[in-house]
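Structure, as structure tokens:
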Amino acid sequence: MDMVANGLLALGASPAMVHAVEEVEEFAPLARALVVNIGTLSSDRVPSMRKAAEAMATLGKPWVLDPVGVGGTTFRTTVARDLTAMKPTVIRANASEVLALAGATRVPASSVDSAHDSHDAIEAAKRLVCESHAVVVVTGAVDYVTDGQEVLCIRNGHPLMTRVTALGCTSSALVAAFLTVEPNALAASAQALAVLGLAAERAAVKAEGPGSLRWRLLDELAQLDETMLHEGLAIQ
Amino acid sequence: MDMVANGLLALGASPAMVHAVEEVEEFAPLARALVVNIGTLSSDRVPSMRKAAEAMATLGKPWVLDPVGVGGTTFRTTVARDLTAMKPTVIRANASEVLALAGATRVPASSVDSAHDSHDAIEAAKRLVCESHAVVVVTGAVDYVTDGQEVLCIRNGHPLMTRVTALGCTSSALVAAFLTVEPNALAASAQALAVLGLAAERAAVKAEGPGSLRWRLLDELAQLDETMLHEGLAIQ
Amino acid sequence: MDMVANGLLALGASPAMVHAVEEVEEFAPLARALVVNIGTLSSDRVPSMRKAAEAMATLGKPWVLDPVGVGGTTFRTTVARDLTAMKPTVIRANASEVLALAGATRVPASSVDSAHDSHDAIEAAKRLVCESHAVVVVTGAVDYVTDGQEVLCIRNGHPLMTRVTALGCTSSALVAAFLTVEPNALAASAQALAVLGLAAERAAVKAEGPGSLRWRLLDELAQLDETMLHEGLAIQ
């Protein structure tokens, strides 16, 4: 939550972390986009997640599903599949998670890190689009975004990103932030990932390790301007 | 919690984060001050919050209420109003929160960030003092502290602080820490805010963005000495 | 959780934070080691903790108990004692916590920071080994590790570490990570603590305060190589 909130603030977005089911109905109309992240899942949070997703879908507002660790346990897979059926605008996951969510395999995940290459999940991502009607984002060394027809490929990013926690969660949050200004979910997703990746590339030039990458990434996110974006974004 | 704990440790204070209602009664006598922060509120935490506030009030020890996001939802407003009635020593909030808590307006908050200028909440802050008998702190570009009679104005701080999460929470925690050594709640609050603001000013000179501001702020908090305070604090 | 996850990632380990009791049974076979940390304890988390400890013990896999704040409240002490009886491979605690857990004293802890010197807890640590059959680690200015017979003494570390939150938790996590590659729990514990301490020493040379120590520590953890370890580790 810390990295996600700081990432959004660095970009100029305005995050709020809401857990209580009592707040969802009133809060949804105030939010411009939602991320449901099942990272540190517990059963008492599931009703809030479902209610929030439902509220956003009803209001016609964008929401992003981050099915962290889906495939690792039956409970997590059940919750993630349920949420997948609730009309997310975008699903953002790593390759193992996309494969698991698309039912290609029950991945015996020993961690929330991906055991697969993002490229290997493109076909599964397309199947997941058919099922969910969401744009699907597969992040990895290279990121892919697909609406079932088109597949965009984002080559921004840096290997050191895998040594910093919560950057996957942060990318989901950035996708949500971009959806508030770019209604095309394919474009919004690709831009969000490219911006995060570009900030990481710039941060990695000066970083001495994962500790400095993290704060430099926030500094870079806040400093990105049109010229940097124009020259640096690698979306194909 | 991470930034708050690190902020307190940087200052030389000794934080403990306690959630379990089973622990409150025994823990309260060991604590020298308490912050109740309703940031990521959930109904199962409310009994602990109430019990802790009650215990501190009974023991005659200071406690600070941080009514994060009050006015945003009915649930949050109800909890915050309840806690306001439980004799907090200090209430620390942004302008929108003070306005909402003083009943001036139901602020349709789309986030936990303030939609109002701190100056616009001074009258509401005074009304809130009458109701709660607490010293009320309104933080913003300029911070105000009032006991209903006097209004102190703190001009320390830096705009980049709005791009780092949890600095509001940290300021509440610093007020609590200062209350353990300065019994005058008006003075303690003003000094705590000025110290945090001064550390941020000093950090901002070298910071390249919100990522570096955050860790530099912790470094500066740990380094402040009497001369720096003497020269830097801007309390009127 | 943030510092712990980043510390493990910096080292090249692969952390997952699991809370839901529904996930424990399936997740345990996938994990190579477990830490049960009672830091921000709440009663609804206790069943997951117990079940996870049990599962690891049954599977013959290593798990580390971090009894944060034991002795502070009856609830916390009860939970910690219960877990101590569940065959942890290693118990990692500060001096006050070891004394409390060994029943030497009910420490009226006003915080999660130790009020005792690590050396004063060596005898209590040995008694705790007898009771629990775990290797016991007492961290402090000097760290001690004992299996009841031998006592290793680790002189790596830096005073500034006390001003950064979650480094105790991080040391427990590092012990768990080392247990996945070094089956001798005495050796694994000593090495993990020495590595963390050495990284902190190296970080402290360049750090300007607790804020910079924290990220520099992560950078150093990721950079440590065999020569540095050979020259820097101070285990006796």
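The values are calculated or read from the model by the stated rules, or taken from the named source; none is laboratory data. It should be emphasised that the depicted structure is a prediction, and the values quoted were computed from it without experimental measurement. We place every Cβ from the backbone using ideal geometry, glycine too, and count neighbours over all the protein chains shown. The protein model used for the area step is the full one, side chains on, heavy atoms only, and it has no ligands, DNA or RNA in it. Shrake-Rupley method; radii C 1.70, N 1.55, O 1.52, S 1.80 Å.
For segment A:4-21, taking the residues that are assigned to a helix (DSSP H, G or I) and among the hydrophobic types (A, V, I, L, M, F, W, C), the one that is farthest from A:LEU218 (Cα to Cα) is identified as A:VAL21. Residues that are touching a strand residue (DSSP E or B) at 6+ places or on another chain (Cβ under 9 Å) and surrounded by 22 or more Cβ atoms within 10 Å (Cβ to Cβ) within segment C:40-61 comprise C:MET49, C:ALA52, C:ALA53, C:MET56, listed in sequence order. If you go through segment A:40-86 and keep only what is in contact with a Ser or Thr (Cβ under 7 Å, 6 or more places away or on another chain) and farther than 25 Å from A:CYS130 by Cβ, you end up with nothing. Once segment B:191-236 is narrowed to residues that are among the charged types (D, E, K, R) and farther than 21 Å from B:LEU8 by Cβ, the residue that is surrounded by the most Cβ atoms within 10 Å (Cβ to Cβ) is B:GLU208. Kindly evaluate B:VAL136 against the criterion of being β-branched (Val, Ile, Thr), closer than 22 Å to B:ALA85 by Cα, open to solvent by less than 20 Å² (accessible area, probe 1.4 Å) and in contact with a Phe, Trp or Tyr (Cβ under 9 Å, 6 or more places away or on another chain). Spelling it out, B:VAL136 is indeed β-branched (Val, Ile, Thr), closer than 22 Å to B:ALA85 by Cα, open to solvent by less than 20 Å² (accessible area, probe 1.4 Å) and in contact with a Phe, Trp or Tyr (Cβ under 9 Å, 6 or more places away or on another chain).
Pairs are defined by a Cβ separation below 7 Å, a sequence spacing of at least 6 or placement on different chains, a first member in segment A:57-80 that is under 15 Å from C:HIS19 (Cα atoms), and a second member that is outside any helix (DSSP H, G or I) and polar (S, T, N, Q); the pairs so defined are A:VAL68/A:ASN37. For segment C:62-79, residues that are in contact with an Asp or Glu (Cβ under 8 Å, 6 or more places away or on another chain) and over 19 Å from C:ALA176 (Cβ atoms) total 7. Those helices (runs of 4 or more DSSP H) of segment B:22-106 in which 1 or more residues are small (Gly, Ala, Ser) and within 14 Å of chain A (Cβ to nearest Cβ) occupy B:74-84, B:95-101. Which one is farthest from A:VAL18 (Cα to Cα), of the residues in segment B:97-132 that are among the polar types (S, T, N, Q) and modelled with pLDDT under 95? Once the filter is applied, the top-ranked residue is B:SER118. Of the set (1) hydrophobic (A, V, I, L, M, F, W, C); (2) within 14 Å of another protein chain (Cβ to nearest Cβ); (3) surrounded by fewer than 23 Cβ atoms within 10 Å (Cβ to Cβ); (4) part of a helix (DSSP H, G or I), all apply to B:ALA115 but (4). State the number of residues belonging to segment A:67-79 that are crowded, with 22+ Cβ neighbours inside 10 Å and more than 24 Å from B:ASP44 (Cβ to Cβ). The total comes to 4.
Evaluating A:GLU25 against the criteria (1) surrounded by fewer than 17 Cβ atoms within 10 Å (Cβ to Cβ); (2) within 19 Å of the chain's Cα centre (by Cα) leaves one unmet condition, (2).
Take A:ALA16 and decide whether it is open to solvent by 30 Å² or more (accessible area, probe 1.4 Å) and either within 12 Å of another protein chain (Cβ to nearest Cβ) or touching a residue at least 24 places away in the same chain (Cβ under 8 Å) (or both). Walk me through it before giving the result.
Values: open to solvent by 30 Å² or more (accessible area, probe 1.4 Å): yes; either within 12 Å of another protein chain (Cβ to nearest Cβ) or touching a residue at least 24 places away in the same chain (Cβ under 8 Å) (or both): yes.
Judged against the criteria, A:ALA16 is a match.
Does A:ALA33 count as open to solvent by 10 Å² or more (accessible area, probe 1.4 Å) and over 30 Å from B:ALA207 (Cα atoms)?
On the way: open to solvent by 10 Å² or more (accessible area, probe 1.4 Å): yes; over 30 Å from B:ALA207 (Cα atoms): yes.
Yes.
Residue count for segment C:1-55 under the criterion of being closer than 15 Å to A:THR40 by Cα and of a type in the set (Asp, Glu): the result is 4.
Of all residues in segment A:196-231, those being within 21 Å of the chain's Cα centre (by Cα) and within 23 Å of A:VAL145 (Cα to Cα) number 11. Just wondering, is there one or more residues in segment A:161-178 that are open to solvent by 50 Å² or more (accessible area, probe 1.4 Å), on the phi < 0 side of the Ramachandran plot and not hydrophobic (A, V, I, L, M, F, W, C)? Yes: segment A:161-178 contains one or more residues that are open to solvent by 50 Å² or more (accessible area, probe 1.4 Å), on the phi < 0 side of the Ramachandran plot and not hydrophobic (A, V, I, L, M, F, W, C). Each residue in segment A:139-160 was checked for being closer than 16 Å to A:VAL98 by Cβ and open to solvent by less than 20 Å² (accessible area, probe 1.4 Å), and 5 of them qualify.
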